[in-house]
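As structure tokens, the structure follows; a few thoughts come after it.
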Amino acid sequence: MRVVFRIGGSVVASPINTQLMSKYIELLKAVKAEGNEVVVVVGGGSLAREFIGIAKKLDLEMQAQDEVAISVSRLFAQLFLKKFGDLSCSKVAVTLDDAAECLADGKVVVMGGLKPGITTDTVAALVAERVNADLLVKGTDQEGIYDKDPRKCADAVKLNQLSFDDLQGVLAETEHKAGIHQIIDPEAVKVLKRKRVKLIVVSGFKPENILAAVKGKKVGTVVN
Ligand code: UTP
């Protein structure tokens with residue numbers, strides 16, 4: 001299987017959790033060893049938001065805010081890349097072409113952000129589209145997708161399975177702002193829907209969930 005793993009900065013980088021990062025590397029190496037093709041997309045978490053804040057205080061525009069956040073996400077990507085050693089390409093992929101070439105070489109692709117105006121979720125969806133991935137697994141800071149925002153509504157119910165149309169109904173459309181956080185970016189959902197790439201959203205704080213998701217076990221929320 002060809003799988004894109006999107007690891008939330010909110011999970012490994014807010015605060016920075018090197019133990020969790022090491023665990024992810026170990027599990028992703030196991031996924032690769034089982035014959036799967038692996039793409040990893042990591043975000044910049046609270047450090048990226050800190051840099052966005054600094055850029056804002058300097059009166060820099062949104063594009064510059066996004067650019068510094070992308071640089072931070074690529075720093076985290078670099079740490080993942082180094083930990084993969086020879087299993088990954090020698091550099092963090094910074095274009096979709098880089099990602100496709102690296103995967104064709106039989107290596108693990110590691111990416112952070114791609115360009116201003118989008119989120120890392122959309123990067124993961126775009127790379128999934130580009131390489132014809134079978135599955136996108138997102139490790140996030142909630143157990144899955146809920147019918148309402150569980151951080152605001154105590155009676156929110158976790159959904160185990162839903163269609164892309166249902167998901168679009170659950171998510172609020174928002175204009176891009178540097179540093180926004182949603183369970184999954186609606187822009188990414190549009191890409192996945194048009195390419196029919198299956199999406200599984202799991203709690204990233206339980207890294208073994210990503211193995212379970214690849215093996216087709218019931219975990220998190222499945223969207224297809
Ligand atoms: P994300 O919000 O996608 O990363 O990117 P994250 O920290 O993993 O997020 P969670 O865990 O899902 O909350 C952080 C910011 O970086 C910029 C955007 O400003 C985004 O909000 N970014 C990221 C881009 O501008 N382009 C990209 O390709 C990726």
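Observations on the structure shown:
- Selection from region 1-44 of residues that are more than 16 Å from the ligand (Cβ to nearest atom), of a type in the set (D, E, K, R), in a strand (DSSP E or B) and closer than 18 Å to residue 92 by Cα: 37
- Test result for residue 210, in contact with a helix residue (DSSP H, G or I) (Cβ under 7 Å, 6 or more places away or on another chain), modelled with pLDDT under 95, not in a loop (DSSP other than H, G, I, E, B) and not hydroxyl-bearing (Ser, Thr, Tyr): yes
- Every residue from region 180-212 that is of a type in the set (Gly, Ala, Ser) and crowded, with 19+ Cβ neighbours inside 10 Å: 188, 204
- Identity of the residue in region 42-77, polar (S, T, N, Q) and under 20 Å from residue 141 (Cβ atoms), that ends up farthest from the chain's Cα centre (by Cα): 46
- The numbered conditions (1) of a type in the set (Lys, Arg); (2) surrounded by fewer than 19 Cβ atoms within 10 Å (Cβ to Cβ); (3) near the ligand (Cβ under 10 Å from one of its atoms) are all true for residue 82 except (3).
- Single unsatisfied condition, residue 170 versus (1) buried (at least 17 other Cβ atoms within 10 Å of the Cβ); (2) of a type in the set (A, V, I, L, M); (3) modelled with pLDDT of 90 or more: (3)
- Positions within region 87-129 being basic (Lys, Arg) and within 14 Å of the ligand (Cβ to nearest atom), in sequence order: 115
- Among residues of region 107-120 that are within 19 Å of residue 28 (Cα to Cα) and in contact (Cβ under 8 Å) with a residue 12 or more places away in the chain, those with a beta-carbon under 9 Å from a residue that is near the ligand (Cβ under 6 Å from one of its atoms) and assigned to a loop (DSSP other than H, G, I, E, B) at least six positions away or on a different chain give the pairs 112/43; 112/44; 120/8; 120/43; 120/44; 120/113; 120/114.
- Cβ-Cβ under 8 Å pairs, at least 6 apart or on other chains, region 47-75 side within 8 Å of the ligand (Cβ to nearest atom) and modelled with pLDDT of 95 or more, far side among the β-branched types (Val, Ile, Thr) and not in a helix (DSSP H, G or I): 73/42
- Count of region 132-183 residues, restricted to those that are assigned to a strand (DSSP E or B) and among the aromatic types (Phe, Trp, Tyr), is 1.
- Of the set (1) at positive phi; (2) touching a Leu at 6+ places or on another chain (Cβ under 7 Å), all apply to residue 35 but (2).
The values are calculated or read from the model by the stated rules, or taken from the named source; none is laboratory data. Note that the coordinates shown come from a computational prediction; the quantities given were computed from them, not determined experimentally. Cβ: placed from backbone, ideal geometry, glycine included. Neighbour counts: every protein chain shown.
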